[in-house]
Amino acid sequence: MNVRSHDSALRGGLNFQGGPQAIQGGPQAIQGGPQADRTPKTVVDSAPRELRPAGRERLIVVEDDPVTRTMLVGYFSDNNFDVVGAGSCAECRQALRGRTDLIFLDVQLPDGDGFELAKEIQATSNAGIIFVTRRDTDVDRILGLEIAGDHYVTKPINLRDLLARARSVLRRRSLDRKAARNHNSIAFGDWIIDLTRRELLGSDGKPVALTRAEFDLLAALVGADGRPLSRDYLIEVVSNRQAEVDIRTVDALVARLRRKLIGSGTPVIATVTGVGYKLALSERL
């Protein structure tokens, strides 16, 4: 791993984990292996760029701690991302004026709440969102994934793992864009799910409000043609191998969907004992 940082990063209390050549922050040192490159690197300004380097995905790192922000900006710049650093909600909004593919978002920011900012971003941008934060309660994780997050990563940060998650989100979104070229709607029971527009319509033609996680889970069940899906598989669908999320997240999402999918009285999602869940209504058009 070749991570470059400001000299000020040496004073940070970071604990970045990156595999065999880990970056570990203590009070006096950053260790990056015997030949670690400590060439200073300037933090990318949060102002939107006019030109986007060819072949690079644009990433906004929203992190109020300058040492952490510098590390993330440097590492992902070295890994072929066009990176913009933002230390607040206001700077993030400014950076969003340019094309954005992915956002690393802290929850605790000096001028606002990261969850609220995520809702705002989701309403105006198709960028992927990975929460990167110290807040590690189950409630925070579930809330983050239900609101808008593709992943919820807690500090200390494993840089290689975060890079893998970032690339996975971008690959998945690329596939979604390709699928959007074809209109793809499926009818089941009293509902129609539009996989291209990511909408669920009731029998009255009106959309049913679903969070991103709820939609992804329902789409997986509909696509399984009545076959049961395990909770472990549904965790992967919802959070794309987010290790911190467990089966309680899936159970909570299913409960929410059952409350929203009230129509003919026939259960839409059935529990399969010892396995997981399946779509009870298998009629498809």
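Data for the structure
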| item | result |
| --- | --- |
| Gyration tensor (alpha-carbon) shape descriptor, the stretch 189-279, a/c threshold 1.5 | prolate |
| Length gained when the stretch S185-R99 is fully extended (0.36 nm per residue, less Cα-Cα span) | 28.1 nm |
| Accessible area of the stretch 189-279 belonging to carbon and sulfur atoms, whole % at 1.4 Å probe | 50 |
| In nm, spacing of pseudo-spin labels at D225 and A123 (7 Å Cα→C-beta vector) | 4.1 |
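The values are calculated or read from the model by the stated rules, or taken from the named source; none is laboratory data. Values in this document were obtained by computation on a predicted structure and should not be read as measured data. All Cβ positions, glycine included, derive from the backbone under ideal geometry; neighbour counts span all protein chains shown. Please note that ligands, DNA and RNA were not included when accessible areas were found on the heavy atoms of the full protein model with its side chains. Shrake-Rupley method; radii C 1.70, N 1.55, O 1.52, S 1.80 Å.
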